[in-house]
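Colleague: Before I ask anything, here is the structure I am working with.
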Amino acid sequence: MGTLLADLRYSLRTLKKSPGFAAIAVLTMALGIGANSTIFSWINSTLLNPVPGASHTSNLVVMTEGGTGRAPIPFSYLDYMDLRNRSRSFSGLIAYHMQPMNLTGSGKPERVWGTFTSANYFDVLNVHPILGRGFLPVEDQKPGGAPVVVISYRLWQLHLGGNSSVIGKTLRINEHPYTIVGVAPAVFQGTQTGLRAELWVPLMMQQGLDGNRDRLQVRSETWLMLMGRLAPGVSLQRAQTEMDLLMSQIVEQFPTSHLGNNEVTLFPLWRAPFGANIYMYSLLPVLMAIAGVVLLLACANVANLMLVRSVARRREIAIRLSIGASRWRLIRQLLVESVVLSVAGGILALFITAWTTGTLVQFIPPTDIPIALNIAVDRAVFLITFAMSILSGVLFGILPALRASDMSPVAVLKEETGSASSGLHKARLSSALVVAQISLSLFLLVSAGLFIRSFRQAQQFNAGFNPDHVLLASYNLFPSGYNQARGLEFHRQLLAKLEALPGVESVTLSSWVPLGYTNSSMPASPEGYVPQPHESMEVASAAVGPDYLKTMEIPLVSGREFTAKDTDTTQLVAIVNQKFAEQYWPRQNALGKRVHADGLGFTVIGVAQNANYNSLNEPAQPFLYLPILQDYDSAPAIHMRVTGNPLTYTSAVEKAIHSLDAEMPVYDESTLKVRVQVASTGQRIAGTFVGAFGLLALILAAVGIYGVIAYITRQRSHEIGIRMALGAQQSDVFRLVLGQGLRMIVTGLVIGLIVSLALTRFMRNILFGVAATDAVTFAGVAILLCVVALLACYIPARRAMRVDPMVALRYE
């Protein structure tokens, strides 16, 4: 320990004598380590800690009943009960459903997000309320018989003043009284990563709070997300096999309620299809791998600096060897110096990380979903950053240490001070490191180019509707006590008031906003269509108001649009898209066909052009539009196409709503253009950060090749002087130096292209509109890097051609 402390003190004294070198090395490592610690902080808060507050999350799994990763299908309550009662692979199986609710009572209603849960919810998660209790088994038995609520710590503090006597108090939710029985821990915000719930109520209270028909008694009503804790010794594969068997038995017992594949899929919690991790699990590991390449590039750059610096320290090292120091002692000393630089860079990286961790949330556009990504620099981030600092110091320090200590003390001491006869030998290692830097830089720049082009493609993509100049605003009639008749009248009067506003081109309502975080679907039975065995008849759908297609600028292929005359007293009508008509009525006229959906029979009056509904890269899928004045929805979103800036109309919309009901909350006021940006969030994050990584790589590569060429040129001053004395022209010297740099550049580009072709294939799932081997990107990046590298060689080459032969011949 004493010698280690002595090495540490000596390293600090040595670095103090070279402040420029130390500052550059520390800053370079800070940028490399900071890139990794920032991405790790995101991974730590999402993939590694998906449900803060829950214990032993590694044996928690979530499951779906079908669908796709972007639009998964949940379970019905009756299927959940059968699976829970029959399964032996889980020590506990919970069900939950998240939706907005209103806090009512005194004052204006306030909208929060709550979660319906099974009574075993908190027990299975091992989440213990800090006050009161969770739910009791008896509260999972009688519909409508458990008016109790567990509130979040945040709600307790903000709305109830953190009063410790809150247990037993009454909280009015959607005009109904609920008894507060518990307060959740501060860190716990629910079971969907990145989404914050403010209260939890038993599943038995569903019908009284969401206004839908009794979902507890309908087996075809899929609305519950399921999560289970694996029993001790049970693997994920074993649980998957059992759930497949149990689901097949349920399908066989109730075939009419289970059209489609009905295949249960189990997911580890870190890649759950509900919540933020559906986006993060594919994006963040790729970003982490690219950040790792940045760190390797930084290490190569600092290693080159240390190799050049070691030339000036040859006599110092030779003297220490000649007076008895062992080679291992010198290697250890040099490694301590490297680790000191890297740890200093790691400390600076922690400050960079503290500043950049919150940037992830800034990339998420405004939405009606309660996004809450609580990303912080915690103990895990600190430990990983420290470990990266130590390993990086060893990585970039080991080669310079081995090379610096591999010398003959007698030969070095015979050299004149300032001589560097072995400089060219070291230059070969520096050249190899520069080749590696160029290769890594090319890969980073190619990745950046692909993600930037992907983002631009996503921004320019025609999703089948026009999001420009459309204002969105939402309201919910059910919590305010509106029944269907009153609600329909409210919708009609509101549309009339909004249509009369100056500057409004068209206005409509919709139960759903495309390309957002949510999906909307229902079982449908097209007239005359016989489903194939196990074919799913779950169809994407939305309840929309009059002039919806006009407002969204979705072209109508045939038939007509919904109008204000399509009411609950007229013929039930529907509009389908082209894919729906082609799939269910091929080579037939869809107009006049019947579709049975939502318990009613609708006649098709129009066929709309296909659009993108859930994601930008989805294949064409059937879509069913139902008129909201016939298929009632109590919580629609206003879609209003206007001239000019849509946000200037928000006060007019609020005034129109409050003229009909002064206490009606208006929320989620935004523009459709901003809302649909969620579809390109991944491309935006990747393009920004990988673009920054690429720019850093370009700078490091340029600095690296400049430093090595300048160093080699200085070492060859004597040779250059002889060449010029023998008649070499300045242009010959210029070509000599530039050619040396060009050989490194070409070698690095060839290796980099091969590496990039091999590795960018792993990014194809998160790219949009551009191939992972896009020739334009590869060629453009290679040309850019070549030009920058040649410019870095130009300055040393110009300096070499101006060498005075008489001065150079005296150079030792």
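Colleague: From largest accessible area down, sort E263, E242, E337; use a 1.4 Å probe on the protein chains.
Modeller: Final ranking, largest accessible area leading: E263, E242, E337.
Colleague: Still on this model: Helix hunt in the chain: which complete DSSP H runs extend at least 24 Å axially by C-alpha with mean Kyte-Doolittle at least -1.0?
Modeller: In the chain, the long hydrophobic H runs are 19-46, 236-253, 277-312, 327-356, 379-405, 423-460, 681-715, 730-759, 775-801.
Colleague: Still on this structure: Can you work out the accessible area per residue across segment 332-392, with the rest of the protein chains kept in place, probe 1.4 Å, in square angstrom?
Modeller: 45 Å²
Colleague: Determine, from the Cβ-Cβ distance of I754 and S55 and an R0 of 56 Å, the FRET efficiency 1/(1 + (r/R0)^6), rounded to the nearest 0.05.
Modeller: Once the sixth-power term is evaluated, E becomes 0.75.
Colleague: Using a Förster distance of 35 angstrom, determine the FRET efficiency expected from the C-beta separation of K169 and T650, and round it to 0.05.
Modeller: Efficiency, rounded to the nearest 0.05: 0.50.
Colleague: Leaving out ligands, DNA and RNA but keeping every protein chain, what accessible area does K169 have, in Å² rounded to the nearest 10, with a 1.4 Å probe?
Modeller: Probe radius 1.4 Å; accessible area of K169 about 110 Å².
Colleague: At 1.4 Å probe size, put R761, R428 in order of accessible surface, largest to smallest.
Modeller: Largest accessible area first, the list is R428, R761.
Colleague: Now for a different question. Which distance in nm do the two modelled labels at T256 and R154 give, with both placed 7 Å along the Cα-to-Cβ direction?
Modeller: Label at T256, label at R154, 4.5 nm between them.
Colleague: Oh, and also: With the contact rule set at Cα under 8 Å and sequence spacing of 6 or more, what percent relative contact order holds for the chain?
Modeller: Relative contact order for the chain comes out at 16 percent.
Colleague: Going down the list K550/K655; K550/K579; K579/K673; K497/K579, which pairs span over 31 Å between their C-alpha atoms?
Modeller: K497/K579, as the Cα separations exceed 31 Å there.
Colleague: Each label point is 7 Å from the Cα along the Cα-to-Cβ direction; what then is the distance between the points at V138 and I371, in nm?
Modeller: Here the answer is 4.4 nm between the modelled labels.
Colleague: Using a/c under 1.5 as the rounded threshold, could you call segment 194-292 rounded, prolate or oblate? The axes a ≥ b ≥ c are square roots of the C-alpha gyration tensor eigenvalues, and prolate needs a/b larger than b/c, oblate otherwise.
Modeller: In terms of gyration-tensor shape, oblate.
Colleague: Once you compute Rg and the Kirkwood Rh from C-alpha atoms, what is the Rg to Rh ratio for segment 181-222?
Modeller: That ratio equals 1.06.
Colleague: Moving to a separate point now. Would you mind checking segment 586-621 for residues with the amide N under 15 Å from a putative spin-label position 7 Å along Cα→C-beta of S525?
Modeller: 594-603
Colleague: Projecting each Cα onto the charge dipole of the chain (Lys/Arg +1, Asp/Glu -1 at the beta carbon, about the Cα centre), which of G487, N462, C793 comes out farthest on the positive side?
Modeller: The listed residue farthest towards the positive side: C793.
Colleague: Let me ask something else. Largest first, what is the accessible-area ranking of H658, H128, H97 with a 1.4 Å probe?
Modeller: Descending accessible area places them as H128, H658, H97.
Colleague: Between A779 and L591, what FRET efficiency comes out of the Förster formula 1/(1 + (r/R0)^6) with R0 = 51 Å and r the beta carbon distance, rounded to 0.05?
Modeller: Efficiency, from the Cβ-Cβ distance: 0.50.
Colleague: From the Cα gyration tensor of segment 574-705, with a ≥ b ≥ c the square roots of its eigenvalues, which class applies: rounded if a/c is under 1.5, or else prolate if a/b is larger than b/c, or else oblate?
Modeller: Oblate is the answer for segment 574-705, as a/c is 1.5 or above yet b/c matches or exceeds a/b.
Colleague: Starting from the Cα-Cα distance between A662 and T518, subtract it from 0.36 nm times their residue separation and give me the gain in nm to one decimal.
Modeller: Contour length minus the Cα-Cα distance gives 48.9 nm.
Colleague: Report the Cα-based extents of segment 323-373 along its three principal axes, largest first, to the nearest Å.
Modeller: Extents along the principal axes, in whole Å: 73, 14, 12.
Colleague: Probe radius 1.4 Å, ligands and nucleic acids ignored: give me the carbon and sulfur share of the accessible area of the chain as a rounded percent.
Modeller: Carbon and sulfur: 59 percent of the exposed surface of the chain.
Colleague: Can you tell me which lysines have their Cα less than 23 Å from the Cα of K169? Leave out same-chain residues fewer than eight positions away.
Modeller: Qualifying lysines at Cα under 23 Å: K108, K142.
Colleague: Still on this model: Mind running the shape call on segment 520-600? Use the C-alpha gyration tensor, a ≥ b ≥ c as the square roots of the eigenvalues: rounded below 1.5 for a/c, prolate if a/b tops b/c, oblate otherwise.
Modeller: In terms of gyration-tensor shape, prolate.
Colleague: For a protection proxy built on the mean count of beta-carbon atoms within 10 angstrom, sort 598-611, 185-198, 32-45, 559-572 highest first, please.
Modeller: Result, highest mean Cβ count within 10 Å first: 32-45, 185-198, 598-611, 559-572.
Colleague: Still on this structure: With labels modelled as points extended 7 Å from the Cα through the Cβ direction, what inter-label distance (nm, one decimal) is found for T603 paired with E618?
Modeller: Distance between the two pseudo-spin positions: 3.0 nm.
Colleague: Translational diffusion coefficient, Stokes-Einstein: compute it for segment 1-126 using the Kirkwood radius over C-alpha pairs as Rh, at 20 °C and 1.002 mPa s, and state it as an integer in µm² s⁻¹.
Modeller: Estimated via Stokes-Einstein, D reaches 104 µm²/s.
Colleague: Continuing with the same structure: Can you work out D for the chain in µm² s⁻¹ from Stokes-Einstein, where Rh is the Kirkwood radius over C-alpha pairs, the temperature is 37 °C and the viscosity is 0.692 mPa s?
Modeller: 106 µm²/s
The values are calculated or read from the model by the stated rules, or taken from the named source; none is laboratory data. All of these numbers come straight from a predicted model, not from anything done at the bench. Positions of Cβ are backbone-derived with ideal geometry, glycine not excepted, and every protein chain shown enters the neighbour counts. We work out accessible area using only protein heavy atoms, side chains counted, and drop any ligands, DNA or RNA first. Shrake-Rupley method; radii C 1.70, N 1.55, O 1.52, S 1.80 Å.
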